[in-house]
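Engineer: Have a look at this one.
Any read-out appearing in this document is the output of simple, stated calculations on the displayed coordinates, not a laboratory observation. Values in this document were obtained by computation on a predicted structure and should not be read as measured data. Counting neighbours? That spans all protein chains shown, and the Cβs are built from the backbone with ideal geometry, glycine included.
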Amino acid sequence: MSAKSDEPVDLAGSIEVAPVNAPFGFRPVYFFGRQRHDSKIWSSAQFISFEGEQ
């Protein structure tokens with residue numbers, strides 16, 4: 001976080017991911033964040049598989 005920022009340090013919540021696998025059998029989900037001075041970060045992929053999907 002940028003110095004002297006009033007932004008939260010911890011975030012919590014939930015997201016909805018449509019229950020559809022990609023053609024290769026799973027769904028990769030990435031999380032993205034950006035700081036005030038435009039510095040960016042991405043998470044490693046979270047690989048989600050939905051039962052009953054090909």
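Engineer: Roughly how many nanometres apart are two label points built 7 Å out from the Cα toward the Cβ at F32 and E16?
Structural biologist: 2.1
Engineer: Read phi for every residue in the stretch 18-24 and hand back ³J(HN,Hα) as whole Hz from Karplus 6.51 cos²θ - 1.76 cosθ + 1.60, θ = phi - 60°, with x for Gly and Pro.
Structural biologist: 4, x, 9, 6, 6, x, 8
Engineer: Under a 5 Å amide H to amide H cut-off, with H placed in plane at 1.01 Å, what residues pair with I48 once short-range neighbours are removed?
Structural biologist: R27, V29
Engineer: Moving on. Residues of the stretch 13-37 with backbone nitrogen within less than 15 Å of a virtual label 7 Å along the Cα-to-Cβ line of Q46, please, listed as ranges.
Structural biologist: Inside the label zone: 13-20, 27-33.
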